[in-house]
Amino acid sequence: MNANRDRLQLLVSLFDLSVADVAKETGLSRPLVSRYLNGDDRINPRTLIARMEANLPKIIERRRRAYFQVDAVPTAIVESALATVNTKTDPVATSTEKAA
């Protein structure tokens, strides 16, 4: 069991990264990264893991899908919010407040 390999596999899966994405940002070859991810124990992970850690923000930026899914806001809620904003910025109401 290799905790760092498990973490890397999780990141690749979670952010839908390709082996090429990881290889490009770490400056290592795609075959080396692939062999490491596939459990090849002949690969010394020290350089790979150090480069992954140093370049993690760049690697995550290359993701193909968003981590969080934002649901669309129902039209009724948007219209209600706009009506509230329009009421608060009504020029008649504003001039009445200034006169008082």
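Annotations
- Qualifying residue in region 29-37 (condition: modelled with pLDDT of 85 or more, out of contact with any His (no Cβ under 8 Å at 6 or more places or on another chain) and either over 30 Å from residue 4 (Cα atoms) or among the small types (Gly, Ala, Ser) (or both)): yes
Residue-by-condition table, conditions (1) hydroxyl-bearing (Ser, Thr, Tyr); (2) buried (at least 17 other Cβ atoms within 10 Å of the Cβ); (3) assigned to a loop (DSSP other than H, G, I, E, B):
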site: 9; (1), (2), (3): no, no, no
site: 20; (1), (2), (3): no, no, no
site: 24; (1), (2), (3): no, no, no
site: 36; (1), (2), (3): yes, yes, no
site: 39; (1), (2), (3): no, no, yes
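- Those residues of region 50-74 which are of a type in the set (A, V, I, L, M), surrounded by 11 or more Cβ atoms within 10 Å (Cβ to Cβ) and modelled with pLDDT under 80, in sequence order: 59, 60
- Yes/no for residue 47 being part of a helix (DSSP H, G or I), out of contact with any helix residue (DSSP H, G or I) (no Cβ under 7 Å at 6 or more places or on another chain) and at pLDDT below 80: no
The values are calculated or read from the model by the stated rules, or taken from the named source; none is laboratory data. Values in this document were obtained by computation on a predicted structure and should not be read as measured data. Note that each Cβ is placed from the backbone with ideal geometry, even for glycine, and that neighbours are counted across all protein chains shown.
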